[in-house]
Amino acid sequence: MTENTPVTGAPAPAFTTPEVESALEAKLAALPLEVKVALITGGDFWSTLAVPEIGLASMVLSDGPAGVRGAAWDERDPSLNLPSGTALAATWDTALAHTYGEVLAAEARRKGVDVVLGPTINMQRTPRGGRHFEAFSEDPLLSGEMAIGYTEGLQGQGIAAVPKHYVANDSEDERFHVNVRVDEKTLREVYYAPFEAVVTRGEAWGIMSAYNQVNGTTMSESPLLEAPLATEWGFDGLVISDWTAVRTTVAAARSRQDLAMPGPTGPWGEKLIAAIAAGEVAESDVDAKVLRLLRLAWRVGALADVEAPVRAERPGHDPIAFARSSAAAAMVLVRNEGAELPWSRLPGSVAVIGEAATLPRTQGGGSAFVVADHVVTPLDGIASALPNADLSVEPGVAVTRGLVPFPLHDVVNPETGEPGVHVRFLDADGGEVLVEERRSAHLVWTGGVPAGAVTLEATTLFRPKRSGSVELGVETIGSVEVFADGERLIDGRLSSLDDAMGTGLLAPPRLSERIDVRVGTDIQVRVVNDLKSRGHLSNAASISFGLVASDADDDGRIRDAVAAATAAEVAVVFVGTTNRDESEGKDRKTLSLPGRQDELVSAVAAANPRTIVVVNAGSPVLMPWRRDVSAILLTWFPGQEFGDALADVLTGAAEPGGRLPTTWPATEEDVPVLSTTPTEGVLTYTEGIHIGYRAWNAAGRVPAFPFGYGLGYTTFERVSAEVRAGTEEVPATVIARVRNSGERAGKHVLQAYLTRPETEAERPERWLVAFAAVEVQPGAETEVRLELPLRAFRHWNEGWEVEPGKYRVLLGDSAASAREVGTVLIANEVSL
Ligand code: BGC
C-alpha cells in the first residue's frame, strides 16, 4: 500500500456540494491577481480582507482556545474565561466538550468573531511543556475525542474551529525554528492522531500550521500540509499560519499553506506577484488558496449569495453556570484520607492559606490569555458557601515571580480620580492622537497603533499600602522611560525573547528600580514607550507596570500560616504555578512548585491533620508532601468561576468529576520523557511512540498518580464485563455493567486499553482505545458499551496494518488498574 491510501473507517469528507463549489469558483474567477494575492495575507492583525465586489466580508479570527478574546486584549470588552484544555480533557466527557464548543460559539458571536483559533491539540510529550496547560492530554485518543467534541460544538453554530498547531509543536523552547526530528510511525500513531481525528471525523474547517520545522522543513511550507492532511484525510479547509510563521515567498506559496497571518504586510503581497511573473509560483497555487478561503467564508456565513451550511438552533447555555460546572467536572481528587471530602458537616473554622486563595490562576499565559470580566476567587467561593464559618486568611509564601501589574485598588487615574490609568498616544510633536482612560495597568493594543502616534504614555497615581522600599517595574518592548513624581527612574531598552507576537506582547522583558514609598503619600508614575523602537512589534503596543514581587517575608508568613492552621478546624492550602511558569514562549525548567510552597504545605500539615491541598496548576507539579495531607484536589487552570466551583466540590454540591489526562510523577528523575531542550536547533523524539503512560510502562516506573486516575465521592463495582466479537469495521465491543456501591450519585470513567505482548510490531505496552463517562445513582447499575473500531488495532508499518492474532482487552479506571476482561481475535492480516 502507499502512504496516500485513505484510512478505512474514516468517512470520505463530504463537507461541501458541487453547487457551492461552482459558486465559489465563479467568485474566484472574478478576482484579479492583485486581489487574490492580497486576500491570502491577513487584512490586519486579526482579520481577513473584505472584497465587497464579490460579496466577501472580512472574517475575524481570535484566540482561543479557552475563551474568545476578540480583536482586543481589553478590560473594557471582557471575555468568558473557561477551564484550560487540560482541565477540559480531565472531564473525559465528550458531550461536555461539545457544550464547551457551543458556549465558545456564543461568545464568538457576541464578539463578532467568525473563527476561533483552537483547540490546541499538540501532545503533552513532557510535563515541562510551557503550553501543556493548553493541550488536552498525553494520549492521542483522548486528545482526538475531546477535539472532535469541541470542534463539532463550535462549528455546529457556524463558527470555525482551527485545531493547532500542525504538527509536533509540543514544547516551546526555540519554538520558532526548532527542527523536530520524528519518525513516520511516531507521527502517525501519536502526533498526527488527534489532527487526523478532528479532520476526518470532526470535519474541522481550519488548521493552524506551526512555527517549528519537522524533519528539516518549516511547517508553513511543509509537504505534510499536503499529505497526509489534504490528500489522505480529505482536509478541504483553510490552513492558517501561526502568527508570523510564513517566512518565505516562494516555498510557502508553493506549499498548501493558505493564509499568512497577521497582515497586511508579510512575505507574500508584491513579492509573490513578482514570483508569479517570474514563473517561480503558479497562479493556480494562489487560486487554490483563495478558493479555500472562500470556502471558509461560505461556511461561517461571510459570503453573500451562497447560503451558509449551518443554521443552528442556538442552544442557549448559561455561560457562567457552564464555567462553574465544567470547572468542577474537571477537578481531580487524588487523595481523600478518612473521607475528608466532601464536608458533610460544614467546618466551623477554616484557615485559608496561600497566594492563590486570593490571587488564583484561572488561565495560563500567552496568546491563550483572555481578559475576564471577573474572577470568583477561592476565598470568595468558600466565604459564600460557608457564611457562618470563622475564616482566617493567610497569604502563605510568595509564589508570583516578577512584575505584578498594579491592582486597580492601588492606583488612581490622575485625570478622572477613578481607579485606573490615563493613557495617551502622542505624535512626533507631542500632540495627542488618542487618549484612553483604562482600568488596568496591563495594557495591550493589537489592533494597530493609531496613525501618526510615535509615543505611548501611561500615567497613574500609585497609592502604597505599606511603607518601605519597593521595586517599581515595567514590561514592554523597545525604549522605555519611567518617571516617579517627575524624576526619571528608569531609562532603557528591552528586546523580545523571540520573534513571535504572543511572546513579545504577553511575556515581555522587564526593567525595574527600587524606590522608597510611604503609606499616605501617592506617587505619580509615568511610563513612556517609544513606539518606533519596537521593531517587528511596531504595529502593536503593550505596557505593564507595577511592583516586582518579593519573597523577603516568607519566614514570617509560614509562621502565620501555621498559627492559623493550628487554630482552625480545617486548613485549606492553595499551591500552584503562575501564568509565567506556564506560558507560551518557554518551557518549564522544573516541575517543583515555585518558591517555598512545599515547605509551607509540610508546615501546615504538621500543624493540622485536616489539611486539604488545592493544587492550582495547569500541568503536573511535584508533591513531595502528598502522603502527609488528608486530601489533594487538582484544579488545573479552572477559569473565572474557580471559587464557586471549588466550594461546590468541597461542600459536596458537586463531585470532583475529573480523571487525570496525564501522568503525575513523584519525582522529576522518574519522568521518562522530560527535556524540551533542542541540541543545536534539533529536538529529536528519540522515545518514538512511547510518551506519557506508554513511556512509564515501557520503563517499568510507577508515577505518583497514573493516567486516568481520580477519586469521586462514591465507589463503583464492576458487576460484569465481556468482550463481544463484532464486524470487520468494529471487531469487538466491550460490554460492562457497573454498580454505584456508594451512597451518592457519581461519575465513573471506564477506560479500555489494548495490549499485545506477542507482537511483530513495535507497540506501546498498552494503549487507550475507548472510554466512557457515566453518571450512576446510588445503588443503581448501568451498562456501558465501548466499541473498539478496527483503527484501534492498527499500527504503522510504512502503511496502516492490523496484525492478525490475539489482542487482550484491559478494562479499568486508570492505566495502572486496568485488568484483562477478554481477548479479540483478528483472523487475517489487514492493510488499511
Ligand atoms: C500562538 C498561536 C496563536 C497566535 C495568535 C501565536 O504566538 O502560537 O497559538 O493563535 O499566536 O495569537
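The residues on offer are Ala71, Ala108, Ala147, and the sole one that is more than 21 Å from Lys747 (Cβ to Cβ), within 16 Å of the ligand (Cβ to nearest atom) and assigned to a loop (DSSP other than H, G, I, E, B) is Ala71.
Take Glu729 and decide whether it is touching a residue at least 12 places away in the same chain (Cβ under 8 Å), in contact with a helix residue (DSSP H, G or I) (Cβ under 8 Å, 6 or more places away or on another chain), surrounded by fewer than 21 Cβ atoms within 10 Å (Cβ to Cβ) and within 19 Å of Val190 (Cβ to Cβ). No: the conditions fail for Glu729. Do you know which of the residues in segment 171-199 that are within 16 Å of the ligand (Cβ to nearest atom) and in a helix (DSSP H, G or I) is nearest to Ala227 (Cα to Cα)? Filtering first and then ranking leaves Phe195. Just give me the residues in segment 179-193 being under 12 Å from Pro678 (Cα atoms) and surrounded by fewer than 22 Cβ atoms within 10 Å (Cβ to Cβ), in sequence order. Matches in segment 179-193: Asn179, Arg181. Applying a threshold of 8 Å to beta carbon distances and a minimum spacing of six or more residues, or different chains, the list of pairs starting in segment 207-219 at a residue that is within 16 Å of the ligand (Cβ to nearest atom) and ending at one that is in a loop (DSSP other than H, G, I, E, B) and basic (Lys, Arg) reads Tyr211/Arg175; Asn212/Arg175; Thr218/Arg247. Taking the criterion of being within 12 Å of Leu811 (Cα to Cα) and out of contact with any Ser or Thr (no Cβ under 8 Å at 6 or more places or on another chain), the residues of segment 736-766 that qualify are Val749, Leu750, Ala752, Tyr753, Leu754, Thr755. Comparison of Arg766, Arg819, Arg791 shows that the only residue that is touching a helix residue (DSSP H, G or I) at 6+ places or on another chain (Cβ under 7 Å), among the basic types (Lys, Arg) and at pLDDT 95 or above is Arg766. I want to confirm something. Restricting to segment 360-376 and keeping residues that are of a type in the set (Gly, Ala, Ser) and in a loop (DSSP other than H, G, I, E, B), which single residue is modelled with the lowest pLDDT? Taking the candidates together, the pick is Gly366.
Whether a residue is β-branched (Val, Ile, Thr), assigned to a loop (DSSP other than H, G, I, E, B), outside the structural domain of Leu294 (by TED's automatic domain parsing) and out of contact with any Pro (no Cβ under 7 Å at 6 or more places or on another chain) was assessed, and Val334 does not pass this test. The number of residues in segment 194-215 being under 12 Å from Ala168 (Cβ atoms) and surrounded by fewer than 21 Cβ atoms within 10 Å (Cβ to Cβ) comes to 1. Just wondering, is there one or more residues in segment 299-310 that are assigned to a loop (DSSP other than H, G, I, E, B), touching a Gly at 6+ places or on another chain (Cβ under 8 Å) and within 16 Å of the ligand (Cβ to nearest atom)? Among the residues of segment 299-310, not one is assigned to a loop (DSSP other than H, G, I, E, B), touching a Gly at 6+ places or on another chain (Cβ under 8 Å) and within 16 Å of the ligand (Cβ to nearest atom), which makes the answer no. Scanning segment 317-329 for residues that are in contact (Cβ under 8 Å) with a residue 24 or more places away in the chain and over 17 Å from Thr635 (Cα atoms) gives His317, Pro319, Ile320.
For segment 250-274, filtering for residues that are buried (at least 22 other Cβ atoms within 10 Å of the Cβ) and either away from the ligand (no atom under 16 Å from the Cβ) or within 15 Å of Leu224 (Cβ to Cβ) (or both) leaves 8.
Residues are listed down the side, and each one gets a yes or a no for (1) surrounded by fewer than 24 Cβ atoms within 10 Å (Cβ to Cβ); (2) away from the ligand (no atom under 14 Å from the Cβ); (3) outside any loop (DSSP other than H, G, I, E, B); (4) of a type in the set (A, V, I, L, M, F, W, C):
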{"position": "Leu88", "(1), (2), (3), (4)": "no, yes, yes, yes"}
{"position": "Ala95", "(1), (2), (3), (4)": "yes, yes, yes, yes"}
{"position": "Asn122", "(1), (2), (3), (4)": "no, no, no, no"}
{"position": "Arg125", "(1), (2), (3), (4)": "no, yes, no, no"}
{"position": "Ala135", "(1), (2), (3), (4)": "no, no, no, yes"}
{"position": "Ser143", "(1), (2), (3), (4)": "no, yes, yes, no"}
{"position": "Thr151", "(1), (2), (3), (4)": "no, yes, yes, no"}
{"position": "Gly158", "(1), (2), (3), (4)": "yes, yes, no, no"}
{"position": "Asn169", "(1), (2), (3), (4)": "no, no, no, no"}
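Restricting attention to segment 220-241, the residues that are surrounded by 23 or more Cβ atoms within 10 Å (Cβ to Cβ), away from the ligand (no atom under 14 Å from the Cβ) and of a type in the set (Gly, Ala, Ser) total 2. On the stretch given as segment 1-22, residues that are at pLDDT 90 or above and either surrounded by 17 or more Cβ atoms within 10 Å (Cβ to Cβ) or part of a loop (DSSP other than H, G, I, E, B) (or both) total 2.
Screening Thr244 against (1) under 30 Å from the mean Cα position of the chain (by Cα); (2) away from the ligand (no atom under 16 Å from the Cβ); (3) among the polar types (S, T, N, Q) leaves a single unmet condition, (2). Determine if segment 270-292 includes at least one residue that is hydrophobic (A, V, I, L, M, F, W, C), in a loop (DSSP other than H, G, I, E, B) and within 34 Å of the chain's Cα centre (by Cα). Within segment 270-292, none of the residues are hydrophobic (A, V, I, L, M, F, W, C), in a loop (DSSP other than H, G, I, E, B) and within 34 Å of the chain's Cα centre (by Cα). Here Gly202 meets each of (1) of a type in the set (Gly, Ala, Ser); (2) within 16 Å of the ligand (Cβ to nearest atom); (3) in contact with a Ser or Thr (Cβ under 7 Å, 6 or more places away or on another chain); (4) farther than 23 Å from Ala275 by Cα with one exception, condition (2). With respect to (1) modelled with pLDDT of 95 or more; (2) surrounded by 15 or more Cβ atoms within 10 Å (Cβ to Cβ); (3) over 27 Å from Asn169 (Cβ atoms), the lone exception for Glu717 is condition (2). Within segment 357-405, being among the β-branched types (Val, Ile, Thr) and under 22 Å from the mean Cα position of the chain (by Cα) holds for Thr362, Val370, Val371, Val375, Val376, Thr377, Val399, Thr400. Quick check: anything in segment 591-611 modelled with pLDDT under 95, touching a strand residue (DSSP E or B) at 6+ places or on another chain (Cβ under 7 Å) and within 19 Å of Thr362 (Cα to Cα)? Checked segment 591-611: no residue is modelled with pLDDT under 95, touching a strand residue (DSSP E or B) at 6+ places or on another chain (Cβ under 7 Å) and within 19 Å of Thr362 (Cα to Cα). Yes or no: segment 72-81 includes at least one residue that is under 21 Å from the mean Cα position of the chain (by Cα), charged (D, E, K, R), within 30 Å of Pro656 (Cα to Cα) and not assigned by TED's automatic domain parsing to the domain that holds Leu660. No, segment 72-81 contains no residue that is under 21 Å from the mean Cα position of the chain (by Cα), charged (D, E, K, R), within 30 Å of Pro656 (Cα to Cα) and not assigned by TED's automatic domain parsing to the domain that holds Leu660.
The values are calculated or read from the model by the stated rules, or taken from the named source; none is laboratory data. If you're wondering where the values come from, they're calculated on a predicted model, not measured in any experiment. With ideal geometry, Cβ positions are generated from the backbone for all residues, glycine too; neighbour counts draw on all protein chains shown.
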